[in-house]
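Structure record follows, encoded as structure tokens.
Nothing in this text is a laboratory measurement; each read-out follows from the coordinates by a stated rule. This one's a predicted model, so the numbers in the text were calculated from it and none came from an experiment. Methodologically, a virtual Cβ is constructed for each residue, glycine included, from the backbone with ideal geometry; neighbour enumeration extends over all protein chains shown.
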Amino acid sequence: MPSPASECLYCQKLPVLDELMIKICDLSVSQVFLFKEQSYSGRCNVVYKDHGVELHDLSDVQRNAFMEDVAKVAKAIQSTCNPTKINYGAYADKLSHLHIHLVPKYTEGYGFGGVFEMNPQKTYLSEGEYTDLVARIKANL
């Protein structure tokens with residue numbers, strides 16, 4: 001059963017959001033966040049502006065605008081981090097808000113060729129490193 005907007009991490013800007021992610025910016029119909037857990041260097045989340053569950057619930061115009069935002073962020077990650085491949089994940093099993101994980105993978109990096117782990121809790125950066133990565137991604141948007 002979908003969770004209501006009143007319980008949504010993104011809609012309510014719950015404190016756990018700041019524990020997990022750093023907001024990079026707002027785009028056309030979405031917000032962009034950098035995950036603090038950086039086993040996949042440059043991993044971001046593109047979050048649709050309105051509470052909703054499924055991509056197919058959006059109108060063609062809304063869906064196209066959202067996917068344009070996703071592609072724009074992927075291009076910025078590619079320019080910033082130069083991954084071998086960017087994986088895309090839209091799960092929302094427990095959090096009923098449309099969002100897409102952008103997961104950069106590197107040939108010699110963590111999890112390459114394997115299934116994406118949501119939060120491996122292996123790699124965290126210093127505040128300065130987060131600031132630098134956010135600025136570089138933002139500059140490429």
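Evaluate the relative contact order of the chain (contact order divided by residue number), counting alpha-carbon pairs under 8 angstrom at least 6 apart; express in whole percent. Walk me through the intermediate numbers first.
Working: 225 pairs, mean separation 39.3, N = 141.
Contact order relative to length: 28 percent.
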Rounded to the nearest 10, the angle in degrees between the Cα long axis of helix 60-81 and the longest principal axis of the Cα atoms of the chain comes to 10
Percent relative contact order for the stretch 80-141, counting Cα pairs under 8 Å at least six residues apart, stands at 28
Final fewest-first order of V103, V61, V73, V134 on the 10 Å Cβ neighbour count is V61, V134, V103, V73
The alpha-carbon pair-distance distribution computed for the stretch 1-77, with 5 angstrom bins and whole-percent values, is 3, 15, 23, 24, 21, 12, 3
Listed by chain and number, the lysines with an alpha carbon less than 19 angstrom from that of K75, same-chain partners under 8 positions apart left out, are K23, K85, K105, K138
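Under a Cβ-only charge scheme (Lys and Arg +1, Asp and Glu -1), can you give me the dipole magnitude of the stretch 5-140 about the Cα centre, in debye to the nearest 20? All intermediate terms of the calculation are to be shown ahead of the outcome.
Working: 14 positive and 17 negative charges, 71 e Å.
For this selection, approximately 340 debye.
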Tilt, helix 127-140 to longest principal axis of the chain (alpha-carbon atoms), in degrees rounded to tens, equals 70
Expressed in angstrom, Rg and Dmax over the Cα atoms of the chain are 14.6, 42
On each of the three principal axes the extent of the alpha-carbon atoms of the stretch 32-79, given in whole Å and largest first, is 34, 21, 14
Listed residues K13, K49, K36; largest mean-square fluctuation, Gaussian network over the chain with Cα springs below 10 Å, found at K13
What the 5 Å binned alpha carbon P(r) of the stretch 56-111 shows, as percent of pairs per bin from 0, is 4, 17, 22, 22, 16, 11, 5, 1
